[in-house]
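One structure is given here, and the rest of the page talks about it.
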Amino acid sequence: MNITIFNEGRDEKRKPEVLKVYPNTIGGALKEIVEEMEDATLLTIGSLYDEECGLTEEILEQTDVLIYWSHGGNREFPDAIAARIHEHVLRGMGFIVLHSAIGCKAFKSLMGTSCTFRYQHDVTEKVICCNKTHPIAEGIEDRFELPMEESYGEYMDIPKPDDVIFLGWFDNGEACRSGCTFTRGYGKIFMFQPGHETTPTFYHPQIKQIIKNACRWANPARKAEKAFNCIPL
Ligand code: ZN
């Protein structure tokens with residue numbers, strides 16, 4: 001399975017506290033997760049500051065699963081690259097959408113909704129598994145705690161998911177559908193709420209396991225060769 005990571009890279013430049021938690025950047029923490037998977041090869045880590053954001057046609061053509069973290073640069077992201085991601089998901093590329101990447105252009109266009117939600121920083125989260133038999137939940141505890149996270153609250157403006165795997169419950173009284181799956185074209189999509197830039201979420205063993213499970217689940221059994229509406233019989 002070939003995996004590509006996109007880490008926007010903007011918060012690392014603007015907020016020194018991000019590098020205190022993630023000295024090798026958020027992309028570096030995600031890279032460690034991928035490198036722990038014996039069945040995965042990391043192709044590249046792209047950022048907003050790379051040519052074509054590191055997500056060239058050649059790279060996406062070889063990518064089975066794209067792990068995507070972004071935040072304040074969602075609006076700056078080039079439309080053409082977002083459209084390219086969209087097209088590759090329709091053709092079968094798995095798409096793992098982490099935390100504030102819920103607001104990225106490619107996810108929004110694939111969902112067809114605003115993908116907005118209520119949020120508040122520095123709260124404790126309990127992640128509750130509500131779909132024990134789903135492959136993304138394999139080896140995951142019924143409940144585990146993230147001592148510091150950002151709450152996302154309902155209503156989250158996403159379409160009705162194929163499956164809700166995790167619920168997030170927060171000590172400020174908020175709750176949300178924290179881990180959801182969608183299918184678009186041939187592509188499988190996993191949206192996952194935890195992963196705020198100043199909390200050490202991507203080091204948490206359960207979070208790492210969920211991301212690995214999600215990559216394996218989203219790894220396409222087959223890809224469409226060209227545009228989704230041009231599949232030869
Ligand atoms: Zn955040």
Revision key, fill the gap. If amide H atoms are modeled at 1.01 Å from N in the peptide plane, then the residues at a separation of 5 or more from Tyr186, or on another chain, having amide H under 5 Å from its own are Arg91, Gly92
Study note, to complete from the structure: Ranked by GNM mean-square fluctuation in the chain (Cα springs under 10 Å), the top entry among Ala137, Ala106, Ala214 is Ala137
Revision key, fill the gap. Computed ³J(HN,Hα) along segment 105-116: with the Karplus parameters 6.51/-1.76/1.60, θ = phi - 60°, integer Hz and x for glycine or proline, the list is 4, 5, 5, 4, 5, 5, 7, x, 10, 6, 6, 9
Review point. Counting Lys and Arg as +1 and Asp and Glu as -1, each charge on the Cβ, what is the dipole of segment 14-140 about the Cα centre in debye, to the nearest 20?
Key: 780
Review point. Cα convex hull of segment 95-233: how many Å³ per residue?
Key: 112
Review point. Relative to the present Cα-Cα distance, how much length would full extension add between Thr124 and Glu61 at 0.36 nm per residue of separation?
Key: 18.8 nm
Exercise for review: On the protein heavy atoms, probe 1.4 angstrom, tell me the percent of accessible surface of segment 1-132 carried by carbon and sulfur.
Suggested key: 46
Exercise for review: Compare the Cα positions of Met148, Thr113, Asn172 along the charge dipole of the chain (+1 at Cβ of Lys, Arg; -1 at Cβ of Asp, Glu; about the Cα centre) and return the one farthest towards the positive end.
Suggested key: Thr113
**Study point:** Theoretical ellipticity at 222 nm over the chain - DSSP helices of four or more residues, -39500 (n - 2.57) apiece, nearest 500
**Key:** -7500 deg cm²/dmol
Review point. When the Debye formula is applied to the Cα atoms of segment 154-233, each taken as the same point scatterer, what base-10 log of I(q)/I(0) results at q = 0.15, 0.24, 0.26, 0.27 Å⁻¹?
Key: -0.67, -1.23, -1.32, -1.36
Exercise for review: Using a cut-off of under 14 Å, list every residue of segment 93-108 whose amide N is near the label point 7 Å from the Cα of Asp171 along the Cα-to-beta-carbon line.
Suggested key: none
Practice item. Please determine, in degrees from 0 to 90 and to the nearest 10, the orientation of helix 79-90 with respect to the longest principal axis defined by the Cα atoms of the chain, where the helix direction is its Cα long axis. Key: 80
Review point. Debye sum, Cα scatterers, segment 1-62, no solvent: what log₁₀ I/I(0) at q = 0.14, 0.25 1/Å?
Key: -0.42, -1.03
Revision key, fill the gap. Looking only at aspartates and glutamates whose Cα falls under 18 Å of Lys226's and that sit 8 or more positions away or on another chain, we get Glu57, Glu58, Glu61, Asp64, Glu87
Review point. Going by accessible area, probe 1.4 Å, with all protein chains left in place, what is the ranking of Trp69, Trp169, Trp217, largest first?
Key: Trp169, Trp217, Trp69
Check your understanding: For segment 1-125, max minus min Cα coordinate along each principal axis, in Å, sorted largest first?
Key -> 38, 35, 29
Review point. Which residue, Val164, Val97, Val123, has the most motion in a Gaussian network model of the chain that connects Cα atoms within less than 10 Å?
Key: Val123
Point to revise | Relative contact order for the chain, counting Cα pairs under 8 Å that sit 6 or more residues apart, in percent | key: 21
Study note, to complete from the structure: Given a 1.4 Å probe, the accessible area of the chain per residue, as a whole number of Å², is 44
**Study point:** Calculated log₁₀ intensity ratio I(q)/I(0) where the Debye formula runs over C-alpha points of the chain, q = 0.12, 0.13, 0.14 Å⁻¹
**Key:** -0.60, -0.71, -0.84
Exercise for review: Work out how much length Lys226 to Glu138 would gain on full extension: take 0.36 nm times their residue separation and subtract the Cα-Cα distance, in nm to one decimal.
Suggested key: 28.4 nm
Study note, to complete from the structure: Over the Cα atoms of segment 92-177 the radius of gyration and the largest Cα-Cα distance (Dmax), both in Å, equal 13.3, 38
Study note, to complete from the structure: Most fluctuating of Thr124, Thr133, Thr183 in the GNM of the chain (C-alpha, under 10 Å) is Thr133
Revision key, fill the gap. Place a point 7 Å from the Cα of Glu36 in the direction of its beta carbon; the residues of segment 139-157 whose amide N falls under 14 Å from it are 139-141
Exercise for review: Would you mind checking the tilt of helix 205-218 against the longest principal axis of the Cα atoms of the chain, expressed as 0 to 90 degrees and rounded to 10?
Suggested key: 20
Practice item. Estimate the FRET efficiency between Ser114 and Thr44 by the formula 1/(1 + (r/R0)^6), using the beta-carbon distance for r and 30 Å for R0, to the nearest 0.05. Key: 0.50
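The values are calculated or read from the model by the stated rules, or taken from the named source; none is laboratory data. Just so you know, these numbers come straight off a predicted model, no measurement behind them. Neighbour counts run over all protein chains shown; Cβ positions are idealised from the backbone, glycine included. The accessibility values were calculated without ligands, DNA or RNA, using every heavy atom of the protein model including side chains. Shrake-Rupley method; radii C 1.70, N 1.55, O 1.52, S 1.80 Å.
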